[in-house]
């Protein structure tokens, strides 16, 4: 290749950024062969230019002014790995408007302002790629956008937060309590000092919104995602799951129901034979149900410098190839507005754990409330006796609204001490 | 879009072809949005034009002359789903030389003549895409080629033959013999009347060659693939695997070892915690180990009209988008010749089942042969007594050559009645 290398401006040089610099350096030949031209990282914006970084780049490539990189005539492509909405949003907008393709790993930004940014990119006729924003190194958005371009996706169910999956694995396999498992995750660096975004499901919700946007070509807002975390889960729930042949996972679900879209994040009982049940520790996986393709699962490391940098580099090679060939990458097309089906109209099977007074007639009183609200019971099992008696119910498919009304009513049934956890039960597959 | 639709000539209209025609018809809007232009199937070559087909195409679109389609000026893109090497090879060559992008699902052709055809495509400057040739609906080649474009792949391990995986699942979970499981597979339509290509590993070998070619950008010939099937597996082996914490799978392995390439297909003991162990029935999955990305697994339906048609359509949309935008898809780049490491130099752990005379000194005699050939034993367990006594060995990592010499020597050790199965044991991950 006699062509000059494509010049990349990098915004941010933390874990992912420095892993990317190393990959570009070490795999230069491979990258040149795939992209059709060499790639050189010429400018890097960081907060503190004096800090030592373990990357092979001359000090004069660093600047603390990201805006200068975006407007630099010597930068052809911009890679954003700073995170956060501000100033990333403005910087990416300016880069796109200046005709520079952008690759970003920023899930928060894409979940909140994706549609706006896709519009800017389309108008400028350049690529905006964001594979690394969901499930780190797992090729997910490209397969959804390209490999399944002609198929109709019915549902995508993902384990997209490694921290909570690590915690749930420790609870299920090591018998740890939620608090102990969280403390372990923090010690190992899987969970932040403030774990809220992970354990409350906010991180998964942002990824769910992006998945739904790409899978259905729909404008999905973060507010459209019903979100429940795992902080309320008890040892009892984890134990019940095991007894019933399930394992509890935090799932992100994006589905199409009769033309409506529904997107949600919540813990769920996953049948042991379901491929998602085998996803352990901090791994991520995404299970896709498509009309023609059937069932697909993509599994791998959802986070970490290496996997995320590999995803960024895949996008970067794509953007560079398109830039050089004058082509254009696969876009997600024109986004449409789709009705969002509210939670109470969705259907699922449910697991309920109810603490009761252990005496005759209890079951009849409780079963009566289920029946009155149109929720039918698939199985019931009593655990413990006397003051510690608990009834474990699994319902047939029922409406969320009806189930919620049942729970509300059960709270006033005299022998019921407490309605504990209510968990969705996923159907089996295959 | 005001542009005329892109005209597709289809070679073959069996399971995959007719599923493709239906998808193109039913999902026209989605396809137009993704491809940037409409797609129309204008010509279809079939053996017998009079046969009824359940597709919505006017009878005058059918011809029994595939060559006419390839040379037709009214055909922009060619899709080949006839299978076989002849006449597909000549037809695809002519189509590419005529400047028409080609999408094919033909694993035999790509495994045997891929490098030659990639050369023709490169020279003509048009796309030759073949996602459906390996693992049906699972997006595999595109992620290897694009998402992991900048990463270095160390090893790819696949369960890429659904027939044998169904048979092995029935043997492991239902206690069926090989013969009974095969008969079941034939009754269900998973296995052909002549199951040789599946059970002897030839089908998997063709896919392994394609995977190695794409993963390593190397010219891999089908003859380079060491191939063993599952016909020699006994109930004993399946039972031993269970006892030892493994499950037997037919795996296709493509790996890079110090710059050499090694590609092989053989049954292996897969640890129960390995993600591949959970791949049941006729499902396929491919486990990828990359330097930056870490461990990835892609799972789904490896065969069937729907999944394969979905893969063909993904490629078709890609080819059409490139055709219209004037760009070019990601190619696998210039293929290089890499040394192929011969089997006897590869290393693995091994499982051996040895039928012996049940008397003192047997173990010492056998262990002596292992030691003499530099193979060290990790575990030994006796099963059965008296005339039915068998010793089950698992070795530490050893060279294939040394292990083969050990087996050869054991055949002359007096208390050894028979050396039964020898299976590779895969390492754990995570």
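Quick note: the coordinates plus some simple rules give every number you see, no bench work behind them. All values derive from a computational prediction rather than experimental measurement. Note that each Cβ is placed from the backbone with ideal geometry, even for glycine, and that neighbours are counted across all protein chains shown.
Things to note:
- Note on B:281-294: average number of Cβ atoms from other chains within 10 Å of each residue's Cβ is 5.
- DSSP beta bridge pairing in the protein assembly as shown, given as percent antiparallel to the nearest 5: 70 percent
- Inter-site label distance for residue A:40 and residue B:281 at 7 Å from Cα along Cβ, in nm: 5.5 nm
- Cα gyration tensor shape of segment B:276-321, rounded if a/c is under 1.5, else prolate or oblate by comparing a/b with b/c: oblate
- Proxy reagent accessibility, fewest Cβ within 10 Å first, across B:379, B:133, B:348, B:67: B:379, B:67, B:348, B:133
- Fewest-first sequence of B:43, B:280 by Cβ atoms within 10 Å of each Cβ: B:280, B:43
- C-alpha long axis of helix B:178-187 to longest principal axis of chain B, angle in °: 20 degrees
- Computed over every Cα-Cα pair of segment A:343-425 and binned at 5 Å starting from 0, the pair-distance distribution P(r) comes out as 3, 17, 30, 27, 15, 7, 2, 0 percent.
- Treating r as the C-beta distance of residue A:154 and residue B:15 and R0 as 22 Å, the FRET efficiency rounds to 0.50.
- Of the beta bridges in chain A, as assigned by DSSP with both residues counted there, near 70 percent are antiparallel.
- Backbone N atoms of segment A:2-30 closer than 19 Å to the 7 Å Cα→Cβ label point of residue A:68 belong to residues A:7-14.
- Taking the label point 7 Å along Cα→Cβ, residue B:232 and its counterparts in the other copies are spaced 5.8 nm apart, in ascending order.
- Label-point distances for residue B:343 to the equivalent site in the other copies, using a point 7 angstrom along Cα→C-beta, read 5.8 nm when ranked shortest first.
- Label point 7 Å beyond Cα along the C-beta direction, distances from residue A:260 to other copies (nm, shortest first): 6.1
- Remark: B:118, B:130 ranked as B:118, B:130, counting other beta-carbon atoms within 10 Å and listing the fewest first.
- If R0 is 45 Å, the Cβ-Cβ spacing of residue A:337 and residue B:243 corresponds to a FRET efficiency of close to 0.20.
- Rounded, prolate or oblate (a/c below 1.5 giving rounded, otherwise prolate when a/b exceeds b/c) for segment B:170-269 by Cα gyration tensor: oblate
- Structure remark: mean-square fluctuation, Gaussian network model of chain B, C-alpha springs under 10 Å; the largest value among B:96, B:335, B:141 belongs to B:335.
- Between A:33, A:19, A:185, the Gaussian network model of chain A with springs among Cα atoms under 10 angstrom shows the greatest mean-square fluctuation at A:33.
- Put a dot 7 Å past the Cα of residue B:234, heading toward its Cβ, do the same for residue A:116, and the two dots end up 7.0 nm apart.
- Overall form of the protein assembly as shown per C-alpha gyration tensor (a/c, 1.5; a/b vs b/c): rounded
- FRET efficiency, residue A:29 to residue B:365 (Cβ-Cβ, R0 56 Å, nearest 0.05): 0.60
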